[in-house]
Amino acid sequence: MKKNIFFFVVFFSLLSCKKMKRHQREIIVEEVEKEEIVADERQEQQNEELQESRSIAVLIAENVEFTDFHFLLQKADLATNLLENHGPYTVFIPTNSSLESFEVDDFDEKETAKFSKFFILNRGVSYEDLKRKIENNEGEFFIENILGSKLQFIIKDNVIFLKSSNGYLLKVDKYAECSNGYLYKIEANN
């Protein structure tokens, strides 16, 4: 009888140990998953903070899609003087392929500055604010750039476009919130 009780105690102990180990493993797995989620959220927040801590000029300089416009900003001496630390600004930056239709290589410094400033607002305008203003004005909104010219924005199929004076549409894509404003990528509507 003592043997049976002994085997029962040993068996019960082993069974209990297995359950405890399984339970401990489940707790450890849950804790690791929670730590991974927290680490991912922390990394995402750090990435957003890094993006927001960089100026419009830095983000333009770092992106290969904007090398032609970056060159224009440098030629017009706007990259450091205008977009480095001051603000807030909003820049609607044409991609390299969108600039191909303009003969910007032939521009002198004054023409380059005027052309570049056409795409810059002297205030920060978030994407959500721009979209709301367009929607509240029957799908069309005008906003003044730093030259004093009016930029026309429309919504078509729930997409925001910058409309040129000759009716040419440039699609506006939300790109980045920077330390000194907002940067939007614009490209030809194909």
Subset of the range 109-149 [touching a strand residue (DSSP E or B) at 6+ places or on another chain (Cβ under 8 Å) and at positive phi]: Gly139
Candidate set from the range 130-159 (those that are among the basic types (Lys, Arg) and part of a strand (DSSP E or B)); member that is least open to solvent (accessible area, probe 1.4 Å): Lys156
Residue satisfying all of: in the range 160-190; assigned to a strand (DSSP E or B) and open to solvent by 40 Å² or more (accessible area, probe 1.4 Å); nearest to Glu144 (Cα to Cα) among these: Lys163
What are the residues in the range 117-129 that are more than 18 Å from Ala176 (Cβ to Cβ) and open to solvent by less than 70 Å² (accessible area, probe 1.4 Å), if any? Lys117
With the range 1-116 as the region, which helices (runs of 4 or more DSSP H) entirely inside it contain at least 3 residues that are among the aliphatic types (A, V, I, L, M) and modelled with pLDDT of 85 or more? 56-62
Every listed condition ((1) open to solvent by 70 Å² or more (accessible area, probe 1.4 Å); (2) touching a residue at least 24 places away in the same chain (Cβ under 8 Å); (3) more than 19 Å from Ala176 (Cα to Cα)) holds for Leu99 save (1)
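The values are calculated or read from the model by the stated rules, or taken from the named source; none is laboratory data. Just so it is clear, the structure is predicted and the values come from calculations on it, not from any experiment. Don't worry about glycine lacking a Cβ; one is built from the backbone with ideal geometry, like all the others, and counts go over all protein chains shown. Keep in mind that these areas ignore ligands, DNA and RNA; they rest on the heavy atoms of the full protein, side chains included. Shrake-Rupley method; radii C 1.70, N 1.55, O 1.52, S 1.80 Å.
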